[in-house]
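I have placed the structure first, in the form of structure tokens, so that the comments after it can refer back to it.
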Amino acid sequence: MARHRFGGVADYVISVGSGNAATLRPGTSVTCWNAAVGGAQYTDLTQTDGTTPIAGGTLTTDSSGAIPEFFGPDGVRSLYLDANGGSGPRRRTLSTDLDADFAALQGASIPASTVTAAGDLLVATGSADVDRLAAGTAGQTLVADPAATTAVRWGNSWRRRDLPALATADAVSPITAPTITVTQQSTSTIASAQPLLAPDTGPFLYLGAGSFTYGTGTPDSSYYLPLSRYPNTYASGQANWAVEFCTDASVFEIKFKYISSATKYRLSVDDQKITDLAQLTGATAAGSSHVLKVAFSTAAPRKIRFDFTTMPFGGLFLPPGATAWKPTPRGGRLGILGDSISDGSAQNAGAGIGTWTYRAARLLGCTDVWDQSRGGTGYITPGTFAVLGDRVANDITPYKFDRLIVWAGYNDNQGDQGAISSAATSLYAALKTACAPGADIYVIGCWDPTGTPAASVQATTATLKAAALAARLPFIDNLSGNVYDGLGNLVASQGPWMTTQIKANYVGADGVHPTDAGHVYLARRVVDALKALMPA
């Protein structure tokens with residue numbers, strides 16, 4: 001606090017003279033009080049230098065009877081003057097430096113123009129200042145984020161308490177599996193089937209991909225595929241995606257085009273998979289139209305999901321009297337940007353829909369998981385596709401991910417660490433803009449399939465960790481199992497993801513890529529690392 005200035009203005013001591021004339025009284029003793037009647041005298045007064053005490057706290061009027069300037073006690077802005085030995089009457093006076101207070105208030109005030117949209121907040125920055133926090137989007141909540149200037153932000157963060165139960169989230173459904181048959185034809189085998197519900201007009205919720213379009217020519221002109229992954233073309237883009245719909249039919253058929261033995265699917269009913277691994281369709285005629293019939297023993301409302309890989313979708317056939325409707329996604333939109341550890345390899349079944357990505361999404365309660373990874377690529381290594389940074393504009397920006405996991409580096413680890421650092425720094429900056437406002441972005445370090453990581457793998461992990469910390473992004477070191485928040489604080493130490501003792505169970509014959517069991521294991525490791533970064 002501070003002392004405030006009094007007196008020196010039109011404050012005079014007067015008395016009534018002859019003829020009731022007001023007479024100035026020089027040399028009069030004046031005392032200061034905290035109340036108009038009674039109260040206590042202020043004695044802690046100083047002269048105009050602000051330090052020299054005024055003896056006894058008693059002021060003396062000058063030759064004109066004026067009250068001299070003085071400083072009152074600390075923090076006092078008004079007091080009562082008494083020129084009658086304390087017995088009154090007393091008159092209240094205000095400090096004369098209130099203009100400085102008003103100037104300070106004006107300087108510290110926040111103009112209304114600072115907030116520009118309904119829902120904007122003003123949040124302390126911790127440096128005797130505030131900053132504008134723009135309004136969040138529907139469904140977002142305020143979440144703590146020590147890496148943010150305001151220590152909070154709008155976000156879609158998972159909370160541990162909201163995650164599904166591990167025992168059921170990735171378990172095979174206990175229901176009696178439906179009978180599934182496949183027929184090579186483009187029309188329905190269901191008697192008196194309703195007209196085809198076309199991919200672009202039917203009750204379909206497309207997940208894991210976007211920018212769907214029909215192909216050209218026969219039969220592609222009747223089949224839907226997404227263009228949302230590099231090279232963003234009909235036949236060579238996103239091979240892994242899902243479609244959901246609800247129906248009360250006891251039997252239905254989906255129309256599809258058979259490409260090759262890579263054409264596979266996984267069926268889920270009411271959010272639980274019927275088989276653990278992706279299945280072959282049973283088709284053999286490459287390039288031909290087929291219908292895959294799913295027959296339950298009874299009619300009942302059900303939510304149906306197909307995870308597809310390399311399987312163009314042509315619509316839905318329903319029997320007479322049945323109906324279908326579009327479900328709603330849950331868990332936000334999760335993207336995975338990386339290499340073949342996420343995209344799949346010959347060492348696991350079902351390509352991308354058989355990797356840790358889809359399993360981790362189920363464990364996180366997320367139905368909309370996008371495999372935006374491409375095998376052989378990395379931060380500086382394009383493989384037969386493109387480096388990660390060159391794919392942001394087409395593969396990330398248009399789709400506004402709520403959460404994004406970046407896991408790459410293995411294909412780069414023999415390269416120059418300076419180049420990797422520059423590429424990572426550029427990529428992380430671009431992703432923070434490309435994702436949805438308030439998105440959570442996580443970086444996982446360089447994969448090690450050996451249990452004894454090479455020096456180049458360790459160096460790449462260190463490089464990526466430094467770049468993530470500079471970008472204030474959480475970093476997960478799979479070599480050590482350490483989990484760091486966006487400020488570089490160690491929040492969990494969970495042990496190495498790969499050891500010499502377990503690699504035979506989880507790494508395939510090529511010595512690099514995870515097996516089906518390996519992807520089950522990695523899904524648990526990724527989710528447990530993410531949990532360490534989640535609020536309770």
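For Asp248, Asp170, give me the order by solvent-accessible area with a 1.4 Å probe, most accessible first, ignoring ligands, DNA and RNA. Display every interim value, and only then the final one.
Details: Asp248 50, Asp170 30 Å².
My answer, sorted largest first, is Asp248, Asp170.
Out of all Cα-Cα pairs in region 86-231, roughly what percent, to the nearest whole number, are more than 26 Å apart?
Roughly 68 percent, rounded to a whole number.
What is the local net charge at Leu316, summed over the other residues whose Cβ is closer than 10 Å to its Cβ (Lys, Arg +1; Asp, Glu -1)?
0
Determine ³J(HN,Hα), in whole Hz, for all residues of region 382-398 in sequence, where each value follows from phi through the Karplus function 6.51 cos²θ - 1.76 cosθ + 1.60 and θ = phi - 60°; x replaces Gly and Pro.
Karplus-based 3J(HN,Hα) across region 382-398 equals x, x, 9, 10, 7, 5, 4, x, 7, 9, 4, 4, 9, 9, 10, 3, x Hz.
Using only Cα atoms and rounding to the nearest 10 degrees, what angle (0 to 90) does helix 417-434 make with the longest principal axis of the chain?
Once rounded, the angle reads 80 degrees.
Which lysines have a Cα lying under 21 Å from the Cα of Lys257, excluding residues fewer than 8 positions away in the same chain?
Of all the lysines, those that pass the test against Lys257 - Cα under 21 Å, at least 8 places apart if same chain - are Lys293.
What are the lysines whose alpha-carbon lies under 30 Å from the alpha-carbon of Lys432, with same-chain residues fewer than 8 places away excluded?
Cross-link targets: Lys400, Lys465, Lys531.
Can you give me the Rg/Rh ratio for region 127-188, using Cα atoms for both radii and the Kirkwood formula for Rh?
Numbers: Rg = 23.3 Å, Rh = 17.2 Å.
In region 127-188, Rg relative to Rh is 1.36.
Which percent, nearest 5, of DSSP beta bridges in the chain are antiparallel?
Taking every DSSP beta bridge within the chain, about 80 percent pair in antiparallel fashion.
Quick one: accessible surface of Asp200, probe radius 1.4 Å, all protein chains present, in square angstrom to the nearest 10.
About 80 Å², ignoring ligands and nucleic acids.
Using the Cα centre of region 1-144 as the reference point, and only Cβ charges (+1 on K/R, -1 on D/E), how large is the resulting charge dipole? Debye, rounded to the nearest 20.
440
Which sequence of Val406, Val9, Val387 reflects their accessible areas, 1.4 Å probe, from the largest down?
Solvent-accessible surface, decreasing: Val9, Val387, Val406.
Which far-off residues, 5 or more places away or on another chain, put their amide H under 5 Å from the one on Gly335, with H placed in the peptide plane?
Those lying under 5 Å, H to H, from Gly335 are Trp370, Arg403, Leu404, Ile405.
Using alpha carbons only, how many angstrom separate the centre of region 415-466 from the centre of region 494-509?
Value for the Cα centre distance between the two parts: 21 Å.
How do Lys465, Lys255, Lys326 rank by accessible surface area computed with a 1.4 Å probe, from largest to smallest? Walk me through the numbers on the way to the answer.
Values: Lys465 75, Lys255 20, Lys326 125 Å².
Final ranking, largest accessible area leading: Lys326, Lys465, Lys255.
From the residues Val152, Asn84, Ser95, which one has its Cα farthest along the dipole of region 31-161 in the positive direction, the dipole being from +1 and -1 charges on Cβ of Lys/Arg and Asp/Glu about the Cα centre?
So the residue furthest toward the plus end is Val152.
Would you be so kind as to identify which of Gly378, Tyr506, Ser421 lies farthest towards the positive end of the dipole of the chain, taking Lys and Arg as +1 and Asp and Glu as -1 on Cβ and the Cα centre as origin?
Most positive-ward Cα: Tyr506.
What dipole magnitude, in Debye to the nearest 20, does region 65-182 give about its Cα centre under +1 on Lys/Arg Cβ and -1 on Asp/Glu Cβ?
Numbers: 9 positive and 12 negative charges, 85 e Å.
Magnitude of the dipole: close to 400 debye.
Per-residue accessible area for Arg159 at 1.4 Å probe radius, Å² rounded to 10?
90
Return the sequence-ordered ³J(HN,Hα) values of region 357-366 in whole Hz as given by the Karplus equation 6.51 cos²θ - 1.76 cosθ + 1.60 applied to θ = phi - 60°, using x for Gly and Pro.
Going residue by residue, I get 4, 5, 5, 4, 4, 5, 5, 9, x, 10 Hz, with x marking Gly and Pro.
Rule-of-thumb check for region 274-413: C-alpha Rg over 2.2 N^0.38 Å?
This ratio for region 274-413 stands at 1.23.
Run the dipole for the chain about the Cα centre, Lys and Arg Cβ at +1, Asp and Glu Cβ at -1, nothing else charged, and hand back the magnitude in debye, nearest 20. Please list the in-between numbers first.
Working: 38 positive and 41 negative charges, 244 e Å.
Rounded to the nearest 20 debye, it is 1180 debye.
Would you kindly compute the Cα radius of gyration of region 343-393 and its largest Cα-Cα separation (Dmax), both in Å?
Over region 343-393's Cα set, Rg and Dmax evaluate to 12.4, 33 Å.
Between region 329-371 and region 216-260, how far is it from one alpha carbon centroid to the other, in angstrom?
Measuring centre to centre over Cα atoms gives 18 Å.
Please work out the Cα center distance from region 262-319 to region 130-193, rounded to the nearest Å.
One Cα centre to the other: 21 Å.
Please state, as a whole number in µm²/s, the translational diffusion coefficient that the Stokes-Einstein equation yields for region 203-286 at 4 °C and 1.567 mPa s, with Rh defined as the Kirkwood radius across alpha carbon pairs. Display every interim value, and only then the final one.
Working: Rh = 14.3 Å.
Diffusion coefficient, whole number: 90 µm²/s.
Considering only Val526, Thr51, Gln458, whose Cα is most displaced toward the positive end of the charge dipole of the chain, charges sitting on Cβ of Lys, Arg (+1) and Asp, Glu (-1)?
Result: Val526.
How big, in percent, is the set of alpha carbon pairs in the chain lying more than 38 Å apart?
For the chain, the fraction of Cα-Cα distances above 38 Å is 47 percent.
Using a Cα-Cα cut-off of under 13 Å, which aspartates and glutamates could be cross-linked to Lys303, ignoring same-chain neighbours fewer than 8 residues away?
Glu244, Asp248, Asp270, Asp271
How large is the Rg to Rh ratio of region 65-160 when both quantities use alpha carbon positions and Rh follows Kirkwood?
Result for region 65-160 is an Rg/Rh of 1.31.
Kirkwood Rh over Cα pairs of region 1-121 into Stokes-Einstein at 37 °C, 0.692 mPa s: D in µm²/s?
Rounded to a whole number, D works out at 202 µm²/s.
Find the relative contact order for region 402-479 and round it to a whole percent, using C-alpha pairs within less than 8 Å whose residues are 6+ positions apart.
After rounding, I find 42 percent.
Quick one: net charge of Ala209's neighbours, Cβ under 9 Å, K/R +1, D/E -1?
It works out to a net charge of 0.
Near Gly378, within a Cβ-to-Cβ distance under 13 Å, what is the net charge of the other residues, with Lys and Arg +1 and Asp and Glu -1?
-3
The values are calculated or read from the model by the stated rules, or taken from the named source; none is laboratory data. It should be emphasised that the depicted structure is a prediction, and the values quoted were computed from it without experimental measurement. Cβ sites come from the backbone with ideal geometry, for glycine too, and all protein chains shown count toward neighbours. Note: accessible area is taken over every heavy atom of the protein model, side chains too, but ligands, DNA and RNA are not part of it. Shrake-Rupley method; radii C 1.70, N 1.55, O 1.52, S 1.80 Å.
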